[in-house]
Amino acid sequence: MAAVQRTITPIDDTLLVERPYASASEMARAVEAAGRARKAWKLVPIAERQKLLSRAVDAFVAKKEIIAEEITRQMGRPLGQSPGEIRGFEERSRYMIEIAPEALADIDPGRKDGFNRFIRREPLGTVFVVAPWNYPYLTSVNAIVPALMAGNAVILKHSAQTPLCADRYAEAFRAAGLPDGLFQTLVLTHDDTSQMIGSPGVDYVAFTGSVAGGHAVMRAAADRFIGAGLELGGNDPAYVRADANLAHAVENLVDGAFFNSGQSCCGIQRVFVDAKIYDKFLEGFVDLTNKYRLGDPLQSDTNLGPVVRSRAADEIRKQVGAAVRAGAKAVIDAKHFPADRAGTAYMAPQVLVGADRNNPIMQDECFGPVVAIARVGSDEEAIMCMNDNPFGLTAAIWTSDEEAAIRIGDRVDTGTWFMNRCDYLDPALAWVGVKDSGRGCTLSRVGYESLTRPKSFHLRTRI
């Protein structure tokens with residue numbers, strides 16, 4: 001293993017940044033420093049924590065133009081779209097900071113004469129955040145800001161593809177005056193990450209990544225009684241009913257499938273369309289897809305950038321080939337996208353039709369600009385198709401009938417159920433997956449429960 005972590009930009013496959021891996025002694029010092037810092041931090045009033053973390057958000061947002069360009073250079077998202085991540089970061093941060101006093105307030109079980117009883121939310125200790133590259137701030141902020149607000153210390157290990165994001169977090173917290181040791185970053189190998197999870201000084205792991213990565217986290221934590229929040233993969237479905245606004249459904253679902261080059265755990269990969277409108281929907285979907293502009297993400301007219309690295313593009317092409325061999329038909333001609341070049345991270349979007357339930361594109365996660373569209377004859381068939389998959393992060397329906405949306409949503413195995421939208425996180429709602437999409441919860445008032453433990457106070461006041 002090299003002593004230095006190297007980040008290659010997908011824009012032109014050149015070296016962007018390199019960082020030395022942390023040594024064993026640096027890892028140990030980080031855990032010790034976090035342990036010291038958290039003891040004092042838990043005693044800081046929530047109102048003071050709010051002020052400090054709000055200042056950190058201010059400091060971060062003040063550099064939004066620089067940070068947006070860094071996102072593009074690190075992972076390839078078009079520059080016109082990267083500022084949306086900073087807006088989402090701010091929205092989630094400020095919401096979780098705002099609701100903290102109520103979410104972390106003592107729980108009153110009710111009056112009992114002669115006693116004072118309440119349940120206090122105690123911070124867990126040190127939270128180890130393992131963050132991915134695809135939405136480097138929107139994924140990590142879900143854990144970092146609430147963990148700190150709840151009174152924990154945080155150690156962040158960011159993806160090797162997006163190390164500058166860890167630097168920006170540290171810079172913002174320093175500018176806000178956060179106590180030393182309370183937030184730290186480490187550059188770690190996979191083995192080092194497993195070692196950290198097994199460290200006695202780590203009390204909770206917040207991991208976002210692949211299903212295989214989630215299993216590795218659970219193995220590393222197997223000998224310790226600590227919690228782990230896992231946001232894993234997805235192969236998210238959508239259902240377009242006959243009563244849907246067709247133009248709106250097409251526009252939203254093309255975006256839901258191809259935004260961020262399809263590199264989203266909650267992006268749309270399977271679309272089930274009522275047979276009555278299937279042909280018109282497919283025609284509109286293909287037409288809009290062919291209007292996308294694949295190219296250099298630093299150019300203003302690009303709305304589809306490269307995937308994260310050239311070998312990821314190679315793997316996605318293999319998945320498309322496997323789907324076609326299994327009976328699917330690819331309906332997008334790559335000639336519409338001159339920037340598509342084998343051996344690079346630039347690849348055209350693809351729409352597949354004719355895939356049956358056993359086709360790998362219907363069962364496996366394809367972390368790229370690929371979507372399968374199939375016709376269904378009824379709500380019942382749509383429910384069956386949406387549930388026929390090992391994942392369950394989000395699912396969506398396009399319809400003008402809210403009652404039908406709720407009725408159908410009650411029967412779909414998913415963490416979030418959307419109507420007439422997709423691929424979005426509302427910080428007021430719990431973000432959670434089922435099946436192979438993970439365990440645990442972030443955001444909303446419920447999200448604070450994973451970052452604290454209940455501590456009961458049972459005080460007899462009259463003897």
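Figures for the structure shown
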item	result
Qualifying position, being of a type in the set (A, V, I, L, M), farther than 16 Å from G440 by Cβ and touching a Leu at 6+ places or on another chain (Cβ under 6 Å), among A172, A222, A212, A176	A176
Unique match (being in the same structural domain as E102 (by TED's automatic domain parsing) and not in a helix (DSSP H, G or I)) among V17, V57, V31	V17
Subset of segment 220-261 [basic (K, R) and modelled with pLDDT of 95 or more]	R241
Residue match in segment 251-273 (condition: over 25 Å from the mean Cα position of the chain (by Cα) and closer than 18 Å to A374 by Cα)	yes
Candidate set: segment 146-164, residues that are in contact with a strand residue (DSSP E or B) (Cβ under 9 Å, 6 or more places away or on another chain) and assigned to a helix (DSSP H, G or I); chosen: the one nearest to D223 (Cα to Cα)	A147
Residues of segment 170-199 classified as in contact (Cβ under 8 Å) with a residue 40 or more places away in the chain, assigned to a helix (DSSP H, G or I) and not charged (D, E, K, R), total	8
Selection count, segment 3-14, where residues are in a loop (DSSP other than H, G, I, E, B), over 26 Å from the mean Cα position of the chain (by Cα) and touching a residue at least 12 places away in the same chain (Cβ under 8 Å)	1
Candidates V271, V324, filtered to the one that is among the β-branched types (V, I, T) and either on the phi > 0 side of the Ramachandran plot or assigned to a helix (DSSP H, G or I) (or both)	V324
When residues of segment 277-298 are limited to those that are without any contact (Cβ under 8 Å) to a residue 12 or more places away in the chain and either part of a loop (DSSP other than H, G, I, E, B) or not assigned by TED's automatic domain parsing to the domain that holds H248 (or both), the one farthest from the chain's Cα centre (by Cα)	K291
Verdict on P20 being modelled with pLDDT of 95 or more and surrounded by fewer than 14 Cβ atoms within 10 Å (Cβ to Cβ)	yes
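Residues are listed down the side, and each one gets a yes or a no for (1) basic (K, R); (2) in a strand (DSSP E or B); (3) in contact (Cβ under 8 Å) with a residue 12 or more places away in the chain; (4) surrounded by fewer than 16 Cβ atoms within 10 Å (Cβ to Cβ):
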{"residue": "F207", "(1), (2), (3), (4)": "no, yes, yes, no"}
{"residue": "G213", "(1), (2), (3), (4)": "no, no, yes, no"}
{"residue": "R224", "(1), (2), (3), (4)": "yes, no, yes, yes"}
{"residue": "A228", "(1), (2), (3), (4)": "no, yes, yes, no"}
{"residue": "A247", "(1), (2), (3), (4)": "no, no, yes, yes"}
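The values are calculated or read from the model by the stated rules, or taken from the named source; none is laboratory data. All values reported here derive from a predicted model rather than from experimental measurement. Note: ideal-geometry Cβ built from the backbone for every residue, glycine included; neighbour counts use all protein chains shown.
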